[in-house]
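Engineer: Quick one: the structure is below, questions incoming.
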Amino acid sequence: MDSVKSSSSQLDGLIPYDPKYLPAKYIMSANENPLDVPLDVRLEIEQAIRDVAFNRYPDPLANELRDMIAEANGLSREWVLLGNGGDQLLFDTAMAWGGPGRTFLNLPPTFSVYAANARLTNTEVVDIERIQNRNWAIDEEAVLAALADQAKPIDFVIIGSPNNPTGELADARFVERVLESTDALVMVDEAYFEFSRSSVLPYLERHKNLVILRTFSKAYSLAGVRIGYILAHPAVITEYIKVRQPYSVDAVSQAIAKTVYRNRAAFEDRVDAIISERDRVTDALCDIPGIKAYPSDSNWILFAIDNASAAWEYLYSQGVLVRDFSASAGIEGTLRVSIGTKEQNDAFLQAIRDFAINNA
Ligand SMILES: *Cc1c(COP(=O)(O)O)cnc(C)c1O
């Protein structure tokens with residue numbers, strides 16, 4: 001046969017997620033940790049991998065890792081579920097709480113994966129835009145009104161906190177009001193909570209509808225390994241287990257993640273350094289005429305600049321790869337720079353200053 005039936009209609013016109021990876025001297029585009037896992041931890045990882053039986057299926061639920069994460073959060077293992085990166089758990093959220101006839105409340109501009117997953121699962125999306133001139137604050141009253149609207153019941157909502165790419169935390173008291181006002185599933189995406197040092201974990205035991213998403217990809221330098229997790233009520237975890245691919249977290253990733261988590265104190269100084277560099281880069285950007293930098297609670301900075309796509313090109317010509325949102329809906333004219341090492345940040349600042357001065 002030299003033809004094939006068309007794929008499912010929800011794929012019509014869908015553009016595959018493209019992280020826009022390009023080779024560059026200074027990679028500052030994907031909010032990764034600029035440093036790899038510390039050398040002594042890597043040596044421990046090599047030892048741990050040596051003991052993995054490659055011929056055996058992994059523990060489907062990664063119970064040892066589950067126990068470690070549970071203990072660190074004052075929970076028991078039934079409250080924790082691992083995934084193949086946080087991304088898998090985002091997809092599983094749409095699989096389990098979305099679907100035909102169901103509705104997802106989205107708060108754009110935000111992580112584009114949320115809406116893409118809704119579309120893949122034929123879930124209707126209700127958008128409540130963030131308020132640009134209040135540093136992308138959530139339109140709290142509009143969100144509460146949407147959740148109270150009986151004509152269109154919401155099945156789940158995802159709140160990025162800090163929100164990627166705009167950078168700000170959700171107000172914890174607002175999250176609590178949301179949890180109290182609805183029985184919709186409320187996922188708080190805390191992929192960057194190590195940098196904001198803030199979590200809605202204290203609300204977990206009182207709110208069965210709260211799911212907290214986290215990842216090893218950012219603070220723990222494991223973007224290449226694919227480990228994320230959720231914290232939620234055991235009854236909610238059970239629903240996720242129904243849709244989850246049973247062996248999605250492989251044995252090698254489990255061994256690596258256990259070693260890193262046991263050594264997580266070794267990452268604290270690095271997180272501190274990123275936070276102080278973030279503040280330094282924000283201040284420096286604010287001093288450049290023609291740039292508006294949005295405040296960030298995370299490890300990146302979103303900024304608006306005239307001729308943003310030309311700015312992206314110039315940065316790239318200088319070896320600096322940042323994320324181009326110049327043509328993205330709701331955040332037109334912006335770029336996002338992930339905080340790197342001091343050297344990387346200086347290279348970025350030098351290049352963006354040159355561009356701004358030459359284009360003034
Ligand atoms: C990076 C990220 C995640 C999780 O990424 P994984 O690498 O799949 O764990 C989740 N949400 C947001 C907003 C992110 O930026």
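The values are calculated or read from the model by the stated rules, or taken from the named source; none is laboratory data. Values in this document were obtained by computation on a predicted structure and should not be read as measured data. Because the Cβ atoms are built from the backbone with ideal geometry, glycine has one as well, and the counts that use them run over all protein chains shown. Accessible surface areas use protein heavy atoms only, side chains included; no ligands, DNA or RNA. Shrake-Rupley method; radii C 1.70, N 1.55, O 1.52, S 1.80 Å.
Engineer: Would you check if there is a residue in the range 242-262 being more than 21 Å from Asn73 (Cβ to Cβ), touching a residue at least 12 places away in the same chain (Cβ under 8 Å) and touching a Phe, Trp or Tyr at 6+ places or on another chain (Cβ under 7 Å)?
Structural biologist: The answer is yes; a qualifying residue exists.
Engineer: If a residue counts only when it is over 23 Å from Tyr192 (Cα atoms), which strands (runs of 3 or more DSSP E) contained entirely in the range 273-333 have at least 1 such residues?
Structural biologist: 291-293, 300-305
Engineer: All but one of (1) on the phi > 0 side of the Ramachandran plot; (2) out of contact with any strand residue (DSSP E or B) (no Cβ under 6 Å at 6 or more places or on another chain); (3) free of Cβ contacts under 8 Å to residues at least 60 places away in the same chain hold for Gly333; which doesn't?
Structural biologist: (2)
Engineer: Every residue in the range 166-187 that is within 16 Å of the ligand (Cβ to nearest atom) and closer than 21 Å to Ile275 by Cα, please.
Structural biologist: Thr166, Gly167, Glu168, Leu169, Ala170
Engineer: Quick one: Ile352 ticks every box in (1) in contact (Cβ under 8 Å) with a residue 60 or more places away in the chain; (2) open to solvent by 50 Å² or more (accessible area, probe 1.4 Å) bar one, so which box is it?
Structural biologist: Result: Ile352 fails condition (2) only.
Engineer: Give the residues of the range 153-165 that are touching a helix residue (DSSP H, G or I) at 6+ places or on another chain (Cβ under 9 Å) and either within 16 Å of the ligand (Cβ to nearest atom) or modelled with pLDDT under 95 (or both), sorted by residue number.
Structural biologist: If the condition is that a residue be touching a helix residue (DSSP H, G or I) at 6+ places or on another chain (Cβ under 9 Å) and either within 16 Å of the ligand (Cβ to nearest atom) or modelled with pLDDT under 95 (or both), then Phe156, Val157, Ile158, Ile159, Gly160, Ser161, Pro162 are the ones that fit.
Engineer: Residues that are within 12 Å of the ligand (Cβ to nearest atom) and either open to solvent by 10 Å² or more (accessible area, probe 1.4 Å) or without any contact (Cβ under 8 Å) to a residue 24 or more places away in the chain (or both), at least 2 per element: which helices (runs of 4 or more DSSP H) completely within the range 51-133 meet that?
Structural biologist: Because the criterion is at least 2 residues that are within 12 Å of the ligand (Cβ to nearest atom) and either open to solvent by 10 Å² or more (accessible area, probe 1.4 Å) or without any contact (Cβ under 8 Å) to a residue 24 or more places away in the chain (or both), the helices (runs of 4 or more DSSP H) in the range 51-133 that meet it are 85-97, 112-120.
Engineer: Then there is this: Considering only residues that are in contact with a helix residue (DSSP H, G or I) (Cβ under 7 Å, 6 or more places away or on another chain) and of a type in the set (D, E, K, R), look in the range 243-261 and name the one that is farthest from Ala356 (Cα to Cα).
Structural biologist: Checking each candidate, the answer is Arg244.
Engineer: Determine whether the range 260-273 contains at least one residue that is more than 21 Å from the chain's Cα centre (by Cα), away from the ligand (no atom under 16 Å from the Cβ) and surrounded by 18 or more Cβ atoms within 10 Å (Cβ to Cβ).
Structural biologist: Checked the range 260-273: no residue is more than 21 Å from the chain's Cα centre (by Cα), away from the ligand (no atom under 16 Å from the Cβ) and surrounded by 18 or more Cβ atoms within 10 Å (Cβ to Cβ).
Engineer: When both residues are 6+ apart or on different chains and their Cβ atoms are under 6 Å apart, which pairs have a first residue that lies in the range 15-33 and is more than 15 Å from the ligand (Cβ to nearest atom), and a second that is modelled with pLDDT of 95 or more?
Structural biologist: Taking only residues 6 or more apart or on different chains, the pairs are Leu22/Leu321; Ala24/Gly319; Ala24/Leu321; Lys25/Gly319; Tyr26/Gly319; Tyr26/Val320; Tyr26/Gln344; Tyr26/Ala347.
Engineer: Would you check which residues across the range 234-259 are part of a helix (DSSP H, G or I) and either within 14 Å of the ligand (Cβ to nearest atom) or among the small types (Gly, Ala, Ser) (or both) and list them?
Structural biologist: Within the range 234-259, Ala235, Ala251, Ser253, Ala255, Ile256, Ala257 qualify.
Engineer: Let me ask something additional. I'd like to know if the range 22-40 contains one or more residues that are modelled with pLDDT of 95 or more, in a helix (DSSP H, G or I) and out of contact with any His (no Cβ under 6 Å at 6 or more places or on another chain).
Structural biologist: yes
Engineer: Follow-up. Kindly state which strands (runs of 3 or more DSSP E) lie completely within the range 161-233 and contain at least 2 residues that are within 28 Å of Tyr247 (Cβ to Cβ), without any contact (Cβ under 8 Å) to a residue 40 or more places away in the chain and open to solvent by less than 10 Å² (accessible area, probe 1.4 Å).
Structural biologist: 210-215
Engineer: Here's a follow-up. List the number of the failed condition for Gln47; all other conditions in (1) under 30 Å from Lys208 (Cβ atoms); (2) outside any loop (DSSP other than H, G, I, E, B) hold.
Structural biologist: Only one criterion is unmet by Gln47, namely (1).
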